[in-house]
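**Student:** Here it is, the structure, as structure tokens.
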Amino acid sequence: MKTFFTTTRISAKRDLLESITIGLLLTTISYIIGLLANWIHEINWLEIFAVLTSYACTYLCVKERRINYLVGVITTAAYSILFLQNSLLLSAILNIYLIPTLAYGWLRWGKDSQTRPVTNVTLRAIPIYLLVTALGWTGAAIISQAFGGAMAWADSTILAGTILAQFLLDNKKLQTWIVWAIVNVFAIYTYFTAGLSLVAFQYVFFLANTMYGYAMWKRGMNTENKAANNVLVGEM
């Protein structure tokens, strides 16, 4: 159990195995609850696959494992098809957009042995992030309404928020988890309403995971800062 609350990366294979195990466990729990609550009326294997790989990818992000980007490509491709099938145009476009951006994140993180440190967003960058996100939301809402997309305002929020959150994640900014929390709230509402109950229930776990991810990254950042300070003191 300690492995889930430690920032020490022992083995990439171990973390990957844990991510798959967690994905299977949480997907099974989500599916059983969905059946008992009568949210699920037929098996959608694509939805199950997308949810499972998404759980695994999220755990690998928390563990700061670069391989999360490879798993993420598989996940976003699956979600793109799933959302198109359910007329969630912007969510589908978002996942198509995320596929090439994952290459950016892969390069920005670097190898596990030399990964980027977790840092805070600077105050002067916040207005720029907010302005770009607001413009993105407005444009997305107009496009969705023009093409008859379902739930344009909520779907636009997910799109604009996810783009911001993913950019912060790719640059290992601690505040990515705060933005993901906001996105998850809108995702729960949107996907439940659209009938994607398993996906929506997944975002309940993701919402809880934002607190876990924030705590883990914050702890790791404090450890790195303490180590850096000790080195400076030793050099003096």
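**Student:** Among the listed residues 92, 50, 56, identify the single one that is over 24 Å from residue 189 (Cβ atoms) and touching a helix residue (DSSP H, G or I) at 6+ places or on another chain (Cβ under 9 Å).
**Tutor:** Values: 92 fails: over 24 Å from residue 189 (Cβ atoms); 50 fails: over 24 Å from residue 189 (Cβ atoms).
Result: 56 is the single residue among 92, 50, 56 that is over 24 Å from residue 189 (Cβ atoms) and touching a helix residue (DSSP H, G or I) at 6+ places or on another chain (Cβ under 9 Å).
**Student:** Turning to a different aspect of this structure: Any chance you could count how many residues in the range 12-42 are among the hydrophobic types (A, V, I, L, M, F, W, C), surrounded by 15 or more Cβ atoms within 10 Å (Cβ to Cβ) and either closer than 16 Å to residue 53 by Cα or over 21 Å from the mean Cα position of the chain (by Cα) (or both)?
**Tutor:** The initial filter retains those residues of the range 12-42 that are among the hydrophobic types (A, V, I, L, M, F, W, C), namely 12, 16-17, 20, 22, 24-26, 29, 32-33, 35-37, 39-40.
Cutting the leftovers down to surrounded by 15 or more Cβ atoms within 10 Å (Cβ to Cβ) gives us 12, 16, 20, 22, 26, 33, 39-40.
Retained after the next criterion (residues that are either closer than 16 Å to residue 53 by Cα or over 21 Å from the mean Cα position of the chain (by Cα) (or both)): 16, 20, 22, 26, 33, 39-40.
Of the residues in that region, 7 qualify.
**Student:** Okay, moving on. Of the residues 127, 100, only one is within 16 Å of the chain's Cα centre (by Cα) and exposed (fewer than 14 other Cβ atoms within 10 Å of the Cβ); which? Talk me through it step by step, then tell me what you get.
**Tutor:** Details: 127 fails: within 16 Å of the chain's Cα centre (by Cα).
100 is the lone residue from the list that is within 16 Å of the chain's Cα centre (by Cα) and exposed (fewer than 14 other Cβ atoms within 10 Å of the Cβ).
**Student:** In the range 19-36, how many residues are touching a Ser or Thr at 6+ places or on another chain (Cβ under 8 Å) and over 18 Å from residue 65 (Cβ atoms)?
**Tutor:** Residues flagged as touching a Ser or Thr at 6+ places or on another chain (Cβ under 8 Å) and over 18 Å from residue 65 (Cβ atoms) within the range 19-36 amount to 1.
**Student:** Quick one: is residue 72 open to solvent by less than 10 Å² (accessible area, probe 1.4 Å) and closer than 20 Å to residue 210 by Cα?
**Tutor:** Values: open to solvent by less than 10 Å² (accessible area, probe 1.4 Å): yes; closer than 20 Å to residue 210 by Cα: yes.
For residue 72, the condition - open to solvent by less than 10 Å² (accessible area, probe 1.4 Å) and closer than 20 Å to residue 210 by Cα - is met.
**Student:** Another one. What pairs come out if I take residues in the range 10-25 that are in contact (Cβ under 8 Å) with a residue 40 or more places away in the chain and in a helix (DSSP H, G or I) and pair them with residues that are surrounded by 15 or more Cβ atoms within 10 Å (Cβ to Cβ) and not hydroxyl-bearing (Ser, Thr, Tyr) whose C-beta lies under 6 Å away, six or more apart or interchain?
**Tutor:** Close Cβ pairs satisfying both conditions: 15/63; 15/65; 19/56; 19/60.
**Student:** Condition first: within 14 Å of residue 54 (Cβ to Cβ) and not in a helix (DSSP H, G or I). Now tell me which residues in the range 176-200 satisfy that.
**Tutor:** Scanning the range 176-200 gives a single hit, 196.
**Student:** Same structure, new question: Residues to consider are 81, 143; find the one that is at pLDDT below 85 and over 15 Å from residue 183 (Cα atoms).
**Tutor:** Details: 81 fails: at pLDDT below 85.
Result of the check over 81, 143: 143.
**Student:** Which of the residues belonging to the range 184-197 are among the aliphatic types (A, V, I, L, M) and surrounded by 23 or more Cβ atoms within 10 Å (Cβ to Cβ)?
**Tutor:** Quick first cut of the range 184-197, residues among the aliphatic types (A, V, I, L, M) only: 185, 187-188, 194, 196.
Within the range 184-197, 187, 196 meet the criteria.
**Student:** Kindly indicate whether residue 166 is at pLDDT 85 or above, of a type in the set (S, T, N, Q), crowded, with 22+ Cβ neighbours inside 10 Å and over 26 Å from residue 35 (Cα atoms).
**Tutor:** On the way: at pLDDT 85 or above: yes; of a type in the set (S, T, N, Q): yes; crowded, with 22+ Cβ neighbours inside 10 Å: yes; over 26 Å from residue 35 (Cα atoms): yes.
It is true that residue 166 is at pLDDT 85 or above, of a type in the set (S, T, N, Q), crowded, with 22+ Cβ neighbours inside 10 Å and over 26 Å from residue 35 (Cα atoms).
**Student:** Considering 92, 134, 56, which residue is under 20 Å from residue 161 (Cβ atoms) and open to solvent by less than 40 Å² (accessible area, probe 1.4 Å)?
**Tutor:** Numbers: 134 fails: open to solvent by less than 40 Å² (accessible area, probe 1.4 Å); 56 fails: under 20 Å from residue 161 (Cβ atoms).
Every option except 92 fails the conditions.
The values are calculated or read from the model by the stated rules, or taken from the named source; none is laboratory data. Note that the coordinates shown come from a computational prediction; the quantities given were computed from them, not determined experimentally. Every residue, glycine as well, gets a Cβ built from its backbone with ideal geometry; the counts of neighbours run over all protein chains shown. Ligands, DNA and RNA are excluded from the accessible area calculation, which covers all protein heavy atoms including side chains. Shrake-Rupley method; radii C 1.70, N 1.55, O 1.52, S 1.80 Å.
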